[in-house]
Structures are given as structure tokens and as C-alpha cells.
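Reading through the C-alpha cells given below for one structure.
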Amino acid sequence: MKRVRTEQFQYTVAQYLKRRQYVESEGPPKGPKLSQTAEEMATNLTVQTESGCTNFVSAAPCQADSQQYEIQFGQLRTFLTDTNVQWSREVTSVLYPLFVYLHLDMVHCGLKSSVDSFYSRFHSMFLQDTDQKDIIEQLRTTLTVQDISSNPKLRAFLDNKYVVHLTDEAYNYLLRYLQSDNNTALCRVLASHIQVEVTSTQRTVYQLYGSGPSGVGGFSRGDASNNMEPGDVPASILQNEAARNSLQECIKRVKDGPPSLSTVCFYAFHNTDQLLNSAEISANSKLLAAGFDNSCVKLWSLRARKLKAEPHQVDVSRINLACDVLDDETDDEDSAGTEMKTLRGHCGPVYSTTFLTDSSGLISCSEDTTIRYWNLGSFTNTALYQGHAYPVWDIDVSPCSLYFASGSHDRTARLWTFSRTYPLRLYVGHLADVDCVKFHPNSNYIATGSTDKTVRLWSTQQGNSVRLFTGHRGPVLSLAFSPNGKYLASAGEDQRLKLWDLASGALFKDLRGHTNNITSLSFSPDSSLIASASMDNSVRVWDIRNTYCNASADGSSSELVGVYTGQISNVLSVQFMACNLLLTTGTTQENQEH
């Protein structure tokens with residue numbers, strides 16, 4: 001009865017496995033045991049761990065006679081030195097640790113005659129390297145186990161694994177050689193004493209962090225109890241530590257050393273019959289916008305690509321009547337693109353233009369008391385902002401293009417958002433025109449410069465004045481915040497460039513050198529340099545750290561590091577870009593057409 005029930009169970013299990021699409025078998029199902037002893041589990045885990053392809057070297061036999069040491073090492077050396085394969089030189093780094101460990105292994109086995117022959121034949125290979133030469137010379141007098149125990153450096157070789165880094169191709173090249181012949185002695189040393197780290201790319205000659213397994217050739221600590229004296233640390237690790245310290249020192253010297261002279265790119269306007277009031281370059285250095293006295297804004301492409309309007313279904317800026325004769329040539333020109341676009345909409349001189357952070361739009365302000373937003377995809381005016389009662393002198397866009405601010409002849413500055421045509425905040429306190437405005441890098445503050453010779457710092461949200469900077473002897477025409485948010489630079493008709501410490505509200509530096517009105521300021525991306533443009537037809541670069549500067553012969557401040565002049569009649573703006581590039585715009589004295 002018991003036998004019948006067993007057969008029924010087997011039949012039921014077989015039908016279940018069949019429905020689950022397992023392989024059909026005639027006999028009872030054979031599979032893994034449902035229960036295992038602790039010994040069986042440990043054995044299976046060991047087999048699974050050690051049977052991978054990465055542990056192929058460790059699967060080699062551990063028996064080798066006294067002559068095999070010298071034969072196998074000599075064959076490997078000949079194989080690597082006599083072939084022109086590109087990976088041979090990389091695999092050659094294995095020879096030094098192999099020689100040391102084979103020598104120590106023969107000493108442990110008491111093969112004195114083999115040790116002498118092995119050493120005398122191969123030791124000259126490693127005498128060129130000073131680090132290796134020290135160990136090799138110590139092996140000459142190492143003939144007994146007591147000699148190894150009394151030598152801390154040789155004991156360190158046995159207590160730690162030597163790390164060798166190889167690329168995938170070099171590692172596979174070494175494996176193919178080890179599989180091709182009887183290399184049991186080499187395989188045993190590689191499995192017991194050498195750790196091969198396989199990387200996917202070719203490693204450089206020296207590494208910054210050489211301790212442990214991340215060096216080019218070194219030791220990997222297997223036990224924290226292996227206490228090595230500082231003098232016993234391998235020289236390769238010490239050299240890599242020295243390389244890291246040297247690199248850190250070089251970085252520090254570059255940061256603290258004298259600044260490099262900026263590369264200046266000057267964009268010149270020729271024959272500006274309609275008086276040019278302002279010029280601005282986009283953050284991506286692709287577009288140049290200029291505001292003119294004839295109420296127009298002109299846009300140029302600074303790249304080889306022409307300006308082309310995006311296709312749109314309806315042009316709301318034009319109304320075509322039935323009697324109108326459409327100009328096909330204009331349509332063809334728009335479809336092909338042009339190097340310059342003229343934006344018309346203002347009815348008074350345009351005093352300032354500013355690009356959005358992503359260069360997708362442009363805002364302009366005019367004597368007609370309005371601010372206009374221009375879509376640079378269609379090159380059309382899509383928004384009109386009204387609120388000032390007098391001409392608007394300057395505008396600035398917040399770092400994230402969420403807000404923009406304006407300064408006017410009505411003695412006020414105003415905060416705007418692109419989605420509202422009326423101002424959100426009014427900043428009242430100046431006694432004369434607000435000539436310039438600038439956002440702090442965190443957008444929480446707005447700075448304004450005025451004809452009343454003062455600079456004020458306002459809270460963007462609350463609208464109150466939080467700092468008042470006095471000291472200028474003329475109207476303030478330009479402002480700039482340092483990218484790190486610590487300093488505010490101001491300049492104007494008094495020909496002085498003043499740096500203010502925002503935290504304390506005190507004057508940080510007063511820079512002298514210009515001989516006419518300063519019209520534009522710009523900080524370098526790392527906040528260490530500031531450039532100023534003046535109506536004296538010069539651009540000056542100042543190092544505000546003042547660590548390596550000398551006094552100038554013309555009476556300029558010692559912070560001056562460079563002066564740039566040329567055949568120009570007026571410098572309009574300076575803008576620092578990445579890679580220490582300084583973009584400058586202005587008008588020339590030459591009489592040439594556009």
C-alpha cells in the first residue's frame with residue numbers, strides 16, 4: 001500500500017512539472033536536495049565562489065619541482081620580451097612580483113641550489129629601477145627562513161598581496177599564456193600572493209591615490225594586525241602620495257598665484273549714423289543686440305548660422321488688407337534667414353537691452369517710458385510693460401529669468417514679472433535718476449545706482465532699503481555683483497571703481513586708473529577679477545585679491561593687471577565669459593559701412 005502511494009505521489013509531481021513545462025523524465029524527478037547539512041552547504045558555497053572565470057588562476061595545481069621555477073619564469077620572460085604584441089609591455093609588470101615570490105617560495109622549500117641559479121640568472125632584469133633594486137639586493141643574502149623573518153620588507157611581501165593593474169586585453173593575454181603550457185609554479189604564486197585588478201581602460205603611469213589596491217603596483221592589506229613601520233611602506237606608495245601632494249600644491253599655487261591675462265574679443269560698430277546707446281551679448285555668445293537713437297533694436301548673429309524666424313500660423317503684428325500687394329521677396333528672405341534682424345516697436349531712443357538667461361528672449365527699455373519683450377524665436381514684440389512716467393534708463397533680468405528690474409528718470413526702480421504688465425514692487429528712496437540696476441546672484445536683493453551719487457541695496461520681496469553706500473563724487477552709471485555674492489562693484493562719472501563688502505556694508509577697495517566716465521563692469525566667473533570699460537577708450541582688468549600686483553607707473557591702483565586699448569572711439573560694454581574670455585563692444589573711428 002505504501003509503495004502504491006509513493007508511485008501516485010511521483011506521478012502527480014511529474015504531471016505538475018509537465019504542466020509547468022519542465023523537462024520530462026522517465027524516472028523519479030532528480031533535483032537539488034531539499035535539505036543540506038552545514039558541511040554540504042559550505043562545500044557548495046566554496047565551489048560556487050571559486051569556480052568563476054576570474055578565479056581561473058587559483059585553480060592551478062600547487063605542485064612544482066625545483067627546476068620548474070626557473071624554467072617557467074624564463075619562458076614567461078622570453079614570451080613577453082620577444083613578442084611585439086601591444087599588451088606585452090603591460091603584462092611585464094607581473095615579472096617583478098613573480099620573481100620575488102618565487103625566490104621566497106624556493107627559500108621556504110629549502111631549495112638552496114635552485115635559489116642561487118634562479119637569482120643569478122634573472123636578478124639583473126630589475127636593477128634599473130631604484131625601488132626594485134633595493135629588494136632585489138636584499139634577496140641575494142636571503143637563503144633561509146630566518147633571513148626572511150628578520151627582514152621587515154620581505155616579511156611585508158608575504159603578509160600582503162602585491163597589487164598589479166591590468167586592462168581586460170592584457171589580463172586575457174596573460175591567461176591565454178598560462179593555459180598554453182605547464183605553468184603550475186607561476187599559477188600558484190599568482191593565486192596566493194598577487195592580486196590582479198582588471199580595469200576596462202588603460203591606466204596612466206602614476207595614480208594620485210596609490211595606497212592599497214588603487215596604486216599602479218603596491219600592496220593590499222589583508223589584515224589590520226600587520227603593523228608596518230613607515231620606513232617599510234613600499235616606495236611606489238610613497239611616490240604616489242608625493243605626486244598627490246605635489247598636484248595639490250600646484251592647484252593651490254595656481255589659485256593663489258598671479259592671474260592670467262584675459263583674452264579680449266572686441267566687437268566693433270562702424271558708421272553708427274543713428275547714435276548707438278547700448279550693446280549686449282547673450283550668455284551663450286551667439287547673439288548681439290544693440291539699442292539705437294532711432295527707436296529700433298538691431299540683432300546680429302555672432303555665429304555662422306543666420307537668424308531665421310520660426311514658422312507660425314498667424315502673424316499678429318501684421319494686418320493684410322485685400323488691396324495690399326504682398327512682397328514675396330520679403331517672405332523669401334525670412335525663410336532663408338538673415339545675418340541681422342531689426343526689431344521695431346519703441347517710439348523713442350532705446351537705452352538698454354538685456355537677454356534672458358537662456359537667450360530665448362530680449363527685453364528693451366526706451367525714452368518712451370515703456371519696456372518691451374521680444375520673442376527671439378519669431379523676432380516679434382509679444383509684451384509691453386508700462387508703469388514708469390519718465391524715460392527708463394536701465395533694465396536687468398534676474399539669474400533665473402523670473403523677474404526683471406528697471407530704473408527710471410522718475411527716481412524709482414521697479415520690479416516686474418514677465419506674466420504681468422504692471423510692476424510688482426516700487427523701490428523709492430533715491431533723490432535723482434536711477435541710472436542702473438542689478439540683481440544679486442541669489443535674486444533676493446537688487447542694487448541701484450543713482451545720479452544722487454549713492455548706491456542702494458534693496459530687499460526684492462519686502463521692497464525696503466537694506467544698505468546705503470556713499471562715497472562717489474558723481475552719478476553712478478554701472479553696477480556689478482561678484483558671482484560669489486560677497487561684493488558689489490560700482491562706478492560712474494567720478495572715474496573711480498569702488499568695491500563694497502555686502503556683509504559689513506563697508507568699502508572694500510577703491511580702484512583708480514580711468515581718466516573718463518566708467519560705463520560698464522563685469523566680474524570673472526571665479527570672482528577674482530573685475531573688468532571695467534570707460535569713455536577713455538580703454539578696458540582695464542583688476543585683481544581684487546591684490547596678492548601679486550605691483551604699483552603702476554601711471555598712478556593706477558596696484559590691483560591693475562591689464563589695460564586694453566585700440567582704434568576705438570567709445571567702449572559700450574564688457575562681459576566676462578567662461579575660460580577667461582572677455583567680450584567687449586564699442587564703436588570705431590574708421591569710416592566703413594556695415
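The values are calculated or read from the model by the stated rules, or taken from the named source; none is laboratory data. Please read these numbers as outputs of a predicted model, since none were measured by experiment. Neighbour counts run over all protein chains shown; Cβ positions are idealised from the backbone, glycine included. Note: accessible area is taken over every heavy atom of the protein model, side chains too, but ligands, DNA and RNA are not part of it. Shrake-Rupley method; radii C 1.70, N 1.55, O 1.52, S 1.80 Å.
Karplus-based coupling profile of region 167-180, in residue order and whole Hz: 6, 4, 5, 5, 5, 5, 4, 5, 5, 4, 5, 5, 7, 6, with θ = phi - 60° in 6.51 cos²θ - 1.76 cosθ + 1.60 and x standing for Gly or Pro.
Ranking request for peptides 85-93, 241-249: highest mean number of other beta-carbon atoms within 10 Å first, then the rest in descending order.
Working: 85-93: 15.6, 241-249: 12.9.
Ranking, from highest mean packing down: 85-93, 241-249.
Projected label points at Ala268 and Val254, each 7 Å from Cα along the beta carbon direction, are separated by 3.4 nanometres.
Amide H contacts of Gly562 (H built 1.01 Å from N, in plane; Pro and chain starts excluded): Val541 sit under 5 Å, all sequence-distant by 5 or more or on other chains. Residues whose amide H falls under 5 Å from that of Val163, counting only those 5 or more places apart or on a different chain, are Gln195, Gly218, Phe219, Ser220, with hydrogens built in the peptide plane. Counting only protein heavy atoms and a probe of 1.4 Å, the accessible surface of region 66-168 is 47% carbon and sulfur.
Run the accessible area of region 399-459 with a 1.4 Å probe and give the carbon-and-sulfur part as a rounded percent. Taking all protein chains in place, region 399-459 shows 52 percent carbon and sulfur surface. For region 275-285, backbone phi angles converted through the Karplus equation (6.51, -1.76, 1.60; θ = phi - 60°) give residue-by-residue couplings of 4, 8, 9, 8, 8, 9, 10, 5, 5, 8, 6 Hz, Gly and Pro being listed as x.
With a 10 Å radius around each residue's Cβ, average the other Cβ atoms per peptide and rank 297-306, 512-521, highest first. Write out the running numbers ahead of the final one.
Details: 297-306: 15.7, 512-521: 20.3.
Top of the packing list down: 512-521, 297-306.
The alpha carbon centroids of region 372-403 and region 147-162 are separated by 75 Å.
Each label point was placed 7 Å from the Cα along the Cα-to-Cβ direction; for Asp168 and Asp131 their separation is 2.8 nm.
Please work out the average accessible area per residue across region 383-513, using the 1.4 Å probe convention, and give it in Å². Write down the numbers at each step before the final one.
Numbers: 5360 Å² over 131 residues.
Ligands and nucleic acids excluded, the result is 41 Å² per residue.
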